[in-house]
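Asks: Take a look at this one; I'll ask things after.
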Amino acid sequence: MLPVLLTVLIVFLNLGGVASILLEFGHGERGPGVSSLVILLALDAVGFWLLRRLREPG
C-alpha cells in the first residue's frame with residue numbers, strides 16, 4: 001500500500017512542479033524557475049530512492 005501512495009505522491013509532485021516551472025519561465029523568471037527545477041529533481045531523486053528501498057525484499 002505504501003509504494004502505491006508514494007508513487008501517487010511522486011506523480012502529483014511532478015505535475016505541480018512542471019506547471020510551476022512552466023509558469024515561472026513563461027513570466028521570464030529564470031532564477032525561480034531554475035531553483036524550482038532543482039528542487040523538483042532533488043525531491044524526485046529522494047522519492048525514487050525511497051520507492052526502490054520499499055520494493056526491495058528484506
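Asks: Quickly run through segment 25-37 and pick out the residues that are part of a helix (DSSP H, G or I) and open to solvent by 40 Å² or more (accessible area, probe 1.4 Å).
Replies: Correct list: F25, G26, R30, G31, P32, V34, S35, L37.
Asks: Another question about this same structure. When I10 is evaluated against the numbered criteria (1) open to solvent by less than 90 Å² (accessible area, probe 1.4 Å); (2) of a type outside the set (S, T, Y); (3) free of Cβ contacts under 8 Å to residues at least 24 places away in the same chain, which criterion, by number, is the only one it fails?
Replies: With respect to (1) open to solvent by less than 90 Å² (accessible area, probe 1.4 Å); (2) of a type outside the set (S, T, Y); (3) free of Cβ contacts under 8 Å to residues at least 24 places away in the same chain, I10 is out only on (3).
Asks: Kindly indicate which of L43, L5, L22, L50 is part of a helix (DSSP H, G or I), touching a residue at least 40 places away in the same chain (Cβ under 8 Å) and not polar (S, T, N, Q).
Replies: Within the list L43, L5, L22, L50, the selection yields L50.
The values are calculated or read from the model by the stated rules, or taken from the named source; none is laboratory data. Since the structure is predicted, the reported quantities are computational estimates derived from the model, not experimental observations. When we count neighbours, we look across all protein chains shown, and the Cβ atoms used for this are built from the backbone with ideal geometry, even at glycine. For accessibility, only protein heavy atoms count, side chains too; no ligands or nucleic acids. Shrake-Rupley method; radii C 1.70, N 1.55, O 1.52, S 1.80 Å.
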